[in-house]
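Below is one structure, written out as structure tokens, with a few remarks after it.
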Amino acid sequence: MSQNGKLMPNLDQQSTKLLNLTVLQRIDPFIEEILITAAHVTFYEFNIDLSQWSRKDVEGSLFVVKRNTQPRFQFVVMNR
């Protein structure tokens, strides 16, 4: 029920996927299916001149989605 003092919803994988799809469709109504997810990603940029990575201000859940228009497939990061 709670983990680290936070209330955790009791959803199965299918319910979670449907909830995530609903949220994504508010952002992009052309999304029709979630193909792959990753719980947490962080973006980095590589500077070729300096040969080093720098962390960007984008992180959150990653979704690979199928759309019913072009582009047919897309990466979406729900930035937290």
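The values are calculated or read from the model by the stated rules, or taken from the named source; none is laboratory data. Being a predicted model, the structure only gives us computed values, none of them experimental. For neighbour counting, all protein chains shown are included, and Cβ atoms are generated from backbone atoms with ideal geometry for every residue, glycine included. For accessibility, only protein heavy atoms count, side chains too; no ligands or nucleic acids. Shrake-Rupley method; radii C 1.70, N 1.55, O 1.52, S 1.80 Å.
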TODO: Give just the number: which of (1) within 18 Å of Q13 (Cβ to Cβ); (2) at pLDDT 95 or above; (3) not aromatic (F, W, Y) does N68 not satisfy?
DONE: (1)
- [ ] Could you please find all residues in segment 53-68 being over 17 Å from N79 (Cα atoms) and open to solvent by 100 Å² or more (accessible area, probe 1.4 Å)?
- [x] W53
- [ ] Search segment 28-39 for residues being under 13 Å from F63 (Cα atoms) and of a type outside the set (G, A, S), and hand back the single one that is surrounded by the most Cβ atoms within 10 Å (Cβ to Cβ).
- [x] I31
- [ ] Could you list all residues from segment 40-52 that are of a type outside the set (A, V, I, L, M, F, W, C) and either more than 18 Å from the chain's Cα centre (by Cα) or open to solvent by less than 90 Å² (accessible area, probe 1.4 Å) (or both)?
- [x] T42, E45, N47, D49, S51, Q52
Open item on the list: List pairs: first residue in segment 39-68 and at negative phi and touching a residue at least 12 places away in the same chain (Cβ under 8 Å), second residue in a loop (DSSP other than H, G, I, E, B) and surrounded by 10 or more Cβ atoms within 10 Å (Cβ to Cβ) anywhere in the structure, Cβ distance under 8 angstrom, at least six positions apart or on different chains.
Closed with: V65/D28; K66/R72; R67/D28; R67/F30; N68/F30
